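Inspection log for the structure reproduced underneath, given as structure tokens.
The values are calculated or read from the model by the stated rules, or taken from the named source; none is laboratory data. Just so it is clear, the model here is predicted, and its values are computed rather than measured. FYI the Cβ positions are ideal-geometry reconstructions off the backbone, even for glycines, and counts take in every protein chain you see. To get the accessible areas, we keep the full protein, side chains included, count just its heavy atoms, and leave off ligands, DNA and RNA. Shrake-Rupley method; radii C 1.70, N 1.55, O 1.52, S 1.80 Å.
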Amino acid sequence: MTKYGSFPGTRPRRLRTSPVMRRMVAETRLHPADFILPAFVREGVSEPVPISAMPGVVQHTRDSLKKAALEAVEAGVSGIMLFGVPEESKKDAQGTVGTDPDGILQVALRDVRAEVGDDLLVMSDLCLDEFTDHGHCGVLDAEGRVDNDATLERYAEMAQVQADAGAHVVGPSGMMDGQIGVVRDALDQIGREDVAILAYTAKYSSAFYGPFREAVGSSLQGDRKTYQQDPANWRESLRELELDLVEGADMVMVKPAGPYLDILARVADAVDVPVAAYQISGEYSMIEAAAEKGWLERDRAIFETLTGIKRAGARNILTYWATEAAQKLRTFTG
């Protein structure tokens with residue numbers, strides 16, 4: 001043995017020596033088409049309304065929403081997921097405005113579809129929480145509990161009006177048992193076999209939804225623990241996944257993303273349909289708040305979290321940084 005024999009012959013660091021080398025051997029790559037932009041549109045406002053808990057995100061007017069959709073198209077983003085924020089006086093126990101063809105969400109769907117056509121997937125949140133005066137994702141029974149089957153009837157109506165308004169994709173997000181099957185049947189009954197379903201398959205009861213409540217003007221009383229999943233459980237997610245696929249889901253999703261990367265990886269390993277993950281409001285706000293205080297590098301943190309979500313198995317990522325991240329990726333790649 002020579003005097004150099006004690007040195008390592010295999011040196012993984014050789015593949016980390018420069019930005020070009022690291023880029024060439026990267027195992028996970030982000031692309032603008034990975035991203036879906038969640039966007040809020042508020043009824044009765046003449047200017048976009050900043051969301052204080054989500055710096056840089058607004059409740060759009062109809063006009064500013066159309067501009068945001070065009071920016072997303074130009075950046076190469078794949079889709080936009082719309083959430084409607086009605087006037088408070090229009091909320092009721094049944095979430096009636098959610099199925100009104102002239103309700104804010106349906107109006108916004110028509111606006112965006114007319115603006116972008118098929119250049120951007122126009123997606124629609126299919127849930128009642130933005131439209132009910134109690135803030136729950138379904139209708140309540142006489143004892144104040146969410147009535148699963150009565151809620152399914154409302155979801156069927158919502159699916160049909162959203163499809164009529166121009167949604168390419170509907171996203172049932174209420175975690176009601178049987179929701180995917182009911183929505184699929186409702187769409188097929190009106191000849192809309194072309195409208196896809198993005199199932200919120202594993203949607204956990206999370207502390208990270210806080211800023212979203214401001215974004216949609218939530219009227220929530222109590223919590224959603226009786227229908228959203230328990231953060232302690234993972235097998236339950238695979239059961240929900242199996243049911244959603246049997247009922248006709250075209251794509252499935254895990255929400256939130258960051259705290260549930262293990263769930264995302266298990267789901268991605270188990271299926272051959274596209275898997276999405278939602279980087280939710282609290283994940284966004286933590287990074288923005290820490291960056292504002294100079295506690296971390298904002299852009300590095302954004303792309304590190306997005307890369308981690310994709311590495312865990314997400315084909316697509318719903319993120320409030322969708323357009324910004326896509327623009328920066330396009331600039332970087334030329």
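Structural remarks
- Candidates in region 16-33 are the residues that are hydrophobic (A, V, I, L, M, F, W, C), assigned to a helix (DSSP H, G or I) and surrounded by 11 or more Cβ atoms within 10 Å (Cβ to Cβ); of these, the one that is modelled with the lowest pLDDT is MET21.
- Qualifying residue in region 68-75 (condition: over 19 Å from LYS328 (Cβ atoms), in contact with a Ser or Thr (Cβ under 8 Å, 6 or more places away or on another chain) and in contact (Cβ under 8 Å) with a residue 40 or more places away in the chain): no
- Qualifying residue in region 71-88 (condition: within 18 Å of GLY171 (Cα to Cα), more than 18 Å from the chain's Cα centre (by Cα) and of a type in the set (A, V, I, L, M, F, W, C)): no
- Of all residues in region 179-196 being under 20 Å from the mean Cα position of the chain (by Cα) and open to solvent by 10 Å² or more (accessible area, probe 1.4 Å), the one that is farthest from ARG154 (Cα to Cα): ALA196
- Residues that are assigned to a loop (DSSP other than H, G, I, E, B) and closer than 26 Å to ALA290 by Cβ within region 34-69 comprise PRO48, ILE51, SER52, ALA53, MET54, PRO55, GLY56, VAL57, listed in sequence order.
- Selected residue (only one of ALA207, ALA215 is among the small types (Gly, Ala, Ser) and surrounded by fewer than 21 Cβ atoms within 10 Å (Cβ to Cβ)): ALA207
- In region 223-255, residue least open to solvent (accessible area, probe 1.4 Å) [restricted to those that are without any contact (Cβ under 8 Å) to a residue 24 or more places away in the chain and within 30 Å of SER89 (Cα to Cα)]: ASP223
- Annotation for region 109-120: at least one member residue is closer than 16 Å to ARG42 by Cβ and of a type in the set (A, V, I, L, M).
- Helices (runs of 4 or more DSSP H) contained in region 118-220 and holding at least 1 residues among the polar types (S, T, N, Q) and under 29 Å from ALA268 (Cβ atoms): 148-165, 179-189
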